[in-house]
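Working notes, structure below.
What follows draws every value from the coordinates through simple rules; no lab data is involved. The model shown is predicted, which means the values in this text are computed figures rather than measured ones. No Cβ is skipped: glycine too gets one built from the backbone with ideal geometry, and neighbour counts run over all protein chains shown.
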Amino acid sequence: QVQLVESGGGLVQAGGSLRLSCAASGSTLTTYAMGWFRQAPGKEREFVAGISWNGCRIYYVDSVKGRFTISRDNAKNTVYLQMNRLKVEDTAVYYCAASEFILGRTVSLYDYWGQGTAVTVSS
């Protein structure tokens, strides 16, 4: 069983930066693919970024390419999402998730979820 806790969300002006962290407990993340998702009010949860267990494969949704960077530190059991040049449309609750078997872009592939951290980008 993996417990995930996100942190680092907050209020930031458009153009600013935030760094989200996802700390895991209960199990090592070494064998898990990790993903970041977000859900804006009234919208479905969407994939933002994903990283394989060893960091060799990384995926991003097109809307964040060049602005967001996903990384992981398996020694610290932590995954990060560096978000730069934030836009108003990035406003959402951000969730990290762990997939035991496969790195993918769909919600159903992920086995464990955190509670989310809210990101609000003001204009």
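Size of the chain from its Cα atoms: along the principal axes, largest to smallest, the extents are 39, 26, 25 Å. Rg and Dmax of region 59-123, both derived from C-alpha coordinates alone, stand at 12.8, 40 Å. DSSP beta bridges fully contained in the chain are about 90 percent antiparallel. Distance between the C-alpha centres of region 12-42 and region 80-99: 6 Å, rounded to the whole angstrom. Excluding same-chain neighbours fewer than eight residues apart, the aspartates and glutamates reachable from residue 43 by a Cα-Cα span under 19 Å are 62, 89, 90. The loop-placed chymotrypsin sites (Phe, Trp or Tyr not before Pro) in region 61-123, going by DSSP, that have at most 12 neighbouring Cβ atoms within 10 Å of their Cβ come out as 101.
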